[in-house]
Each structure stands twice: as structure tokens, then as C-alpha cells.
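Shown next, in C-alpha cells, is the structure this report addresses.
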Amino acid sequence: MRKDYFGVYDPISSGTMAYNWRQTVWYSPDNMIYGVHGRSGYLFRFDPRIPRIELLDRITSLPSQRSGMYDEFSYGYLGFILGPDVRTLYYLTGGPIYRGGKRVTGISVAEKGESMGEEDLHLITYDIPTGKYMDHGAIFFPDGQRPKQVNSIAVGNDTSVYALAAIERNGESQTDLMRIRGPISSH
């Protein structure tokens with residue numbers, strides 16, 4: 001996993017996960033494993049027969065791609081799954097926020113799975129056979145709050161996306177289930 005594309009990390013530093021990967025999917029049509037590097041957002045596939053890792057595309061949010069920066073949330077790759085059509089990857093990832101023309105930044109190291117700074121949550125889909133990437137945009141709750149600390153994902157048969165998110169209620173942070181209504185697709 002040590003590839004210049006991913007960046008340079010100290011494996012013992014907190015909040016980076018360095019070159020490790022925990023959330024991957026098996027794609028049977030080509031007998032390969034697909035995963036995403038959490039900080040850089042590079043989609044890769046691993047061919048266990050060779051073995052070799054191939055970088056495919058940077059599937060961060062469009063704002064992250066435009067800024068050239070890593071996502072602030074260090075464990076976002078846990079929001080990565082193969083959908084019920086067994087060809088579409090779903091990925092919940094961050095996107096930088098700008099106020100007054102300046103990027104909002106945060107702390108330098110994430111602790112306990114927290115974000116290093118405030119950011120938007122974006123839903124990305126990627127169709128494996130065609131390589132079609134789609135950023136479905138920033139996600140907000142009806143009251144305007146941004147979902148925070150999202151590091152999970154499930155996709156229903158109707159392609160609704162579910163995740164656990166931190167939300168402020170009565171001045172306290174609580175974890176609750178959120179849903180992004182389907183149908184959602186990238187092809």
C-alpha cells in the first residue's frame with residue numbers, strides 16, 4: 001500500500017491509518033478486491049492472484065478534488081460498500097467548507113475517530129464496469145445541520161443509504177440513524 005499517490009504517513013501516528021485498509025469489497029466479475037484509501041480518497045483494486053494494487057480513480061468529493069487536499073475525517077473509508085446491484089460502490093466522504101473565501105480548517109490530528117475539522121458529508125457512487133464517478137452533493141439534515149462523525153454505511157434494496165451520524169439535540173451531541181432516500185445510482 002505504500003504508494004506516493006496516497007501520501008506519506010507515519011504508521012504509528014494517531015488519526016491517519018497510514019497505509020492500512022479495513023473496509024474492502026469483493027467484486028466477483030473480475031475476482032478482485034476493491035477498497036479506498038481513507039485520507040487520499042484513492043479507489044484501488046487488489047488482484048490477489050498476482051498480488052498487485054492498481055489505483056483507479058480519486059473518489060473524494062468534488063470540493064476535495066478541486067482543493068487538492070485530503071479529507072478532514074480520518075476514518076471515512078468505513079463508509080464504503082458495494083450496493084445491491086453488485087456493481088455500484090457507495091462511499092460517504094467529506095468535503096471542505098469555505099467561509100468568506102477561506103477554507104475552514106481544524107486540528108492537526110484526529111482522536112477517537114473524530115474529524116480534524118468541520119466539513120460537509122458527500123455521497124459518492126462509482127460504477128465499477130464503466131468507471132463512472134458521481135458526487136451526489138453535500139448532505140444536510142432538514143434543520144440545516146451537517147451529519148458529523150459518519151463512519152458507517154448500509155444500502156437498502158431500493159438504494160436508500162443508511163449511516164450513523166452525530167447530531168446536535170438540545171445542546172448535546174447524540175448518535176442517530178440517518179437515511180438518504182433512494183433510488184441512487186451512478187449508471
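Quick notes
- Of all residues in the stretch 167-187, those being of a type in the set (G, A, S) and over 25 Å from T24 (Cβ atoms) number 2.
- Some residue of the stretch 45-54 being over 27 Å from G156 (Cβ atoms) and modelled with pLDDT under 65: no
- Filter result for S61 (modelled with pLDDT of 90 or more, surrounded by fewer than 17 Cβ atoms within 10 Å (Cβ to Cβ) and hydroxyl-bearing (S, T, Y)): no
- The stretch 9-44 - residue that is hydrophobic (A, V, I, L, M, F, W, C) and modelled with pLDDT of 80 or more and, of those, nearest to G94 (Cα to Cα): V36
- Condition broken by P84, with the remaining ones in (1) part of a loop (DSSP other than H, G, I, E, B); (2) at pLDDT below 90; (3) touching a strand residue (DSSP E or B) at 6+ places or on another chain (Cβ under 8 Å) satisfied: (2)
- Residues that are surrounded by 10 or more Cβ atoms within 10 Å (Cβ to Cβ) and over 20 Å from T93 (Cα atoms) within the stretch 157-167 comprise just one, D158.
The values are calculated or read from the model by the stated rules, or taken from the named source; none is laboratory data. No experiment lies behind these values; they were computed from the predicted model shown. Quick reminder, even Gly has a Cβ in these numbers, built from the backbone with ideal geometry, and neighbours come from all protein chains shown.
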